Each structure stands twice: as structure tokens, then as C-alpha cells.
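Everything on this sheet refers to the single structure shown next.
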Amino acid sequence: MKNVSVSVVIICKNSAQTIGKAVKSCQPLTDDIIVVDSGSTDGTLNIVRSHNAVLIETPWLGYGDTKNLGNKQAKYDWILSLDSDEYIDNTLIESLKQTDLSDPTVIYTIKRISYLGDKAVKHGEWGRGVIRRVFNSRKACWDNSPVHEEIRCEGETREIQLKGAIHHFTSPDIHTYRSKLDRYARLSAEKYAGKKKPSHLFKRFFSPVFNFVQNYIFRAGFLDGKTGLDIARAHAWYTRRKYELLRSYNSGN
């Protein structure tokens, strides 16, 4: 079957271990794969060029604005947005090939399967992953939130879930993941501080406990064994860290 009128936009920095697989997975889908790089020094650029993707080099603009820069250079209005540590499977490719992309008000959602090392995590926080990733750039773009950016839409839209999945190699191990969460905690705290959000004692002490119980018990993280426990603990730590940093920022420290 011929390629689909969808442009793939991938943002990256120092992603030599994963960017090749990300780009290669999209080649059966489209002839327009755009990689937006923000200062890689590890061989990422050579890998992108070797896969004949369109390469855009830019200083880091923030998650949303960096993605939007790639969208503006896209050949097609329809965008599939990926991170450099993700790849798409054949079922998703076939689903997109069979999808009628005539309605620009539709946002397509996709199941995301996340991995810690080589283990797929099916429960807890990571097991909930259905994400909005295919949209028409004439109707939608990414917001400029410093973390956990979202698609911002013009007018009314509706969502349709595609078959298949995006596979996300989140981190090689729990220690690397905690380092990533620390960065996200800082960005989230800065975001909340900018909005004058308070850090109440209740939030600092009880939100982490609730987060752990929610992910490990109610969302069945325990079914993923030690990996599920490690992830639930990491997210509880992230929640507390976020509110501790917010308290520090609000006090001017």
C-alpha cells in the first residue's frame, strides 16, 4: 500500500540508542519523517541522516514549542508526534493506512506500552497509557507547558482510538527513571510556582501516600511484581519532591 498523508515529528537530544529504531519504525507509514534535535553530541545526528529523515537543529524551546517547530515544517497537515525513545508497531501502521483522515476535528488516540529495561509494564501509572498523538495541525498544536505538554485544539473536537500501539522505552532501570522524575518534579514545581499555587502541608505529606496506594493497589501495580513496586515508589517520591520544591520556590529559596 502507498504511504499515508501523515508527517511524523520526533523531538530528540542525545538519543543515539533509540532514535534509529524510532525513525525506522515509521518508514513503512510515510515519506515525511522530521526529527527536531536540540543539541545532540552523541552521534544522534549521523543516525538521523543515515535514515534519510528531515533534520531540524534548534536550541531547546521547551517541549511544546520544539514539537510545534517540527509541525510547521511538515509536508502534511496530519501529524503523528513521537518521542525519540518510542517506536510504532505494524498494527498501528495498518490502522492509520485504513483510517479516513478527512475530518480535521478528530484527535486520534493510541495505546502506549511502556518499558522499564526490557520489561513491559502493564499496570499502575504506566498501564493507563492511551495518549493523543495524531492530529491535524490546522486545528491543533502543542501548548507551551514546561512539562506534561498537551494538545491544544481550536473549536470542538472528538477522539477516536486507533488500533496498535506506541512502544515507549521509558528508562533502562529505576535509578535512571528517578533521575528523570527529579527533572520533571523541578519543572512541575516551577510551573505551579508561576501560577502562585500553594504547597500545603496536606499535599506534601498525604499526596505521596495516596499516589502510592492508587498506583500500587487500585491500579494493580502489584501485578507487575518488583518492577511495579519500584515504579509506585518512584511516583510517590516524585509527588513529594514536587511539593517540597514548590514550597522552596514559594518561600524564595
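Every number in this text was worked out from the coordinates using simple rules, so none of it is lab data. All values derive from a computational prediction rather than experimental measurement. Positions of Cβ are generated from backbone atoms using ideal geometry, with glycine treated the same way; all protein chains shown enter the neighbour counts.
What shape does segment 6-171 take by its C-alpha gyration tensor, where a ≥ b ≥ c are the square roots of the eigenvalues and a/c under 1.5 counts as rounded, a/b above b/c as prolate, and the rest as oblate?
rounded
Each residue of segment 165-170 in turn: what ³J(HN,Hα) in whole Hz from Karplus with 6.51, -1.76, 1.60 and θ = phi - 60°, glycine and Pro shown as x?
The phi angles translate into 8, 9, 9, 10, 8, 4 Hz.
Given the C-alpha atoms of segment 146-195, compute the convex hull and give its volume per residue in Å³. Walk me through the numbers on the way to the answer.
Numbers: hull volume 5.4 nm³, N = 50.
Once divided by residue count, the hull of segment 146-195 is 108 Å³.
At each listed q (0.14, 0.24 Å⁻¹), what is the log10 of I(q)/I(0) that the Debye formula gives for segment 1-85 modelled as equal alpha-carbon point scatterers?
Summing over Cα pairs of segment 1-85 leads to -0.40, -1.17.
With the cut-off at 15 Å, report for segment 124-227 the share of all Cα pairs above it, as a whole percent.
Details: 4143 of 5356 pairs.
Within segment 124-227, distances greater than 15 Å cover 77 percent of Cα pairs.
Take the Cα atoms of segment 174-250, build their convex hull, and give its volume per residue in Å³. Could you put the intermediate results ahead of the total?
Working: hull volume 5.8 nm³, N = 77.
Per-residue hull volume (Cα only) is 75 Å³.
Assign unit charges at the C-beta atoms only (+1 for Lys and Arg, -1 for Asp and Glu), then state the dipole size of the chain relative to its Cα centre in Debye, rounded to the nearest 20. Intermediate results must be reported in sequence, preceding the final value.
Numbers: 38 positive and 28 negative charges, 194 e Å.
Approximately 940 debye in magnitude.
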